[in-house]
Amino acid sequence: MYPSKIHFFFGTRHRRYNLMTEIKKLKNIFKKEEIQSIQSSLYNYINKKKVAVYVPLQHVDKLTFEMGNAGAGIIGNYDLCSFRMKGLGTFRPNQRSNPYSGKKNQLSFEEEVRLEMECNKEELEGVLDAMLESHPYDEVAYEVYDFTKRGKVPSGYIINLKRRMKINNLVSRIKKNIDFNLTDMNFSFKKIVIINKQTTDEIIEKSLKSGCELIISKFNNTFNFKKL
């Protein structure tokens, strides 16, 4: 493996990465007839929290709004997002309890809804406070889960060329704002991955598994070429 770095710059008005915008910028570097395929790659994954709570049927809407006002149930452009499933809950209150329904020391049945809503880690405490304050039970049955979801916007994409291209050919197409240091200018590639952040060991590993030979990483409007 040869150590290699090539930097080139593109101006951009938007901080948020846009796949199609970057593809349009690349059309002046790679000709349309040279590209075999382009696919999105290296998505970011977001860690979230999910709260599941069992609530009497008559109180489910109120609890949904209270938890939603605290930050739960927001998915993209939608709020108050929830999942609801009906079931039959059982419990037996003891002498120290203050039951919402049923009698002490007797097995009770209550038609309940399992209400699930997601939230960010930062909102979890507020969501739980709102849930506990609004729930009619003196002892609330609830669970908190960690889960992960894929972000909508990819961190990069893979370009597969029809034929191999040499680095010096690519450099010759970039006519200004070039700063590069490469030991093997005859290196050729066919499959590359382009990302909009600094290269990490994880990205290198995923790129190698995808059969890529070159990483072009975009960071602060600077593109760094790394040979694999």
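The values are calculated or read from the model by the stated rules, or taken from the named source; none is laboratory data. Remember, predicted model here, so these are calculated numbers, not experimental data. Methodologically, a virtual Cβ is constructed for each residue, glycine included, from the backbone with ideal geometry; neighbour enumeration extends over all protein chains shown.
Return yes when T12 is at pLDDT 95 or above and not hydrophobic (A, V, I, L, M, F, W, C) and no when it is not.
no
List every residue pair whose Cβ atoms lie under 7 Å apart, where the two residues are 6 or more positions apart in sequence or sit on different chains, the first residue falls within region 100-117 and is free of Cβ contacts under 8 Å to residues at least 12 places away in the same chain, and the second residue, located anywhere, is exposed (fewer than 12 other Cβ atoms within 10 Å of the Cβ) and of a type outside the set (K, R).
Final answer for the pair search is K104/N94; K104/Q95.
Picking from S82, S97, which residue would you name as being without any contact (Cβ under 8 Å) to a residue 40 or more places away in the chain and in the same structural domain as L128 (by TED's automatic domain parsing)? Before the answer, list the steps.
On the way: S97 fails: without any contact (Cβ under 8 Å) to a residue 40 or more places away in the chain.
One residue alone meets the criteria, S82.
To keep it simple, each residue is scored yes or no on (1) of a type in the set (D, E); (2) exposed (fewer than 13 other Cβ atoms within 10 Å of the Cβ); (3) part of a strand (DSSP E or B).
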site	(1), (2), (3)
S97	no, no, no
Y100	no, no, no
F109	no, yes, yes
V113	no, no, yes
E133	yes, yes, no
D146	yes, yes, yes
P154	no, no, yes
Y157	no, no, yes
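Looking at (1) in contact with a Pro (Cβ under 6 Å, 6 or more places away or on another chain); (2) in a helix (DSSP H, G or I), which is the only condition P93 fails?
Single failed check for P93: (2).
Have a look at Y78, Y54, Y45 and point out the one that is loosely packed, with under 12 Cβ neighbours inside 10 Å and at pLDDT 95 or above.
Values: Y54 fails: loosely packed, with under 12 Cβ neighbours inside 10 Å; Y45 fails: at pLDDT 95 or above.
Being loosely packed, with under 12 Cβ neighbours inside 10 Å and at pLDDT 95 or above holds for just one of Y78, Y54, Y45, which is Y78.
Can L161 be described as surrounded by 11 or more Cβ atoms within 10 Å (Cβ to Cβ), more than 30 Å from E122 (Cβ to Cβ) and modelled with pLDDT under 85?
Here the answer is no, as L161 does not meet what is asked.
Looking for something of a type outside the set (S, T, N, Q), under 17 Å from I38 (Cβ atoms), at pLDDT below 75 and assigned by TED's automatic domain parsing to the domain that holds S37 - is there at least one such residue anywhere in region 194-205?
No, region 194-205 has no match at all.
What are the residues in region 50-101 that are β-branched (V, I, T) and in contact with a Phe, Trp or Tyr (Cβ under 7 Å, 6 or more places away or on another chain), if any?
Result: V51, V53, T90.
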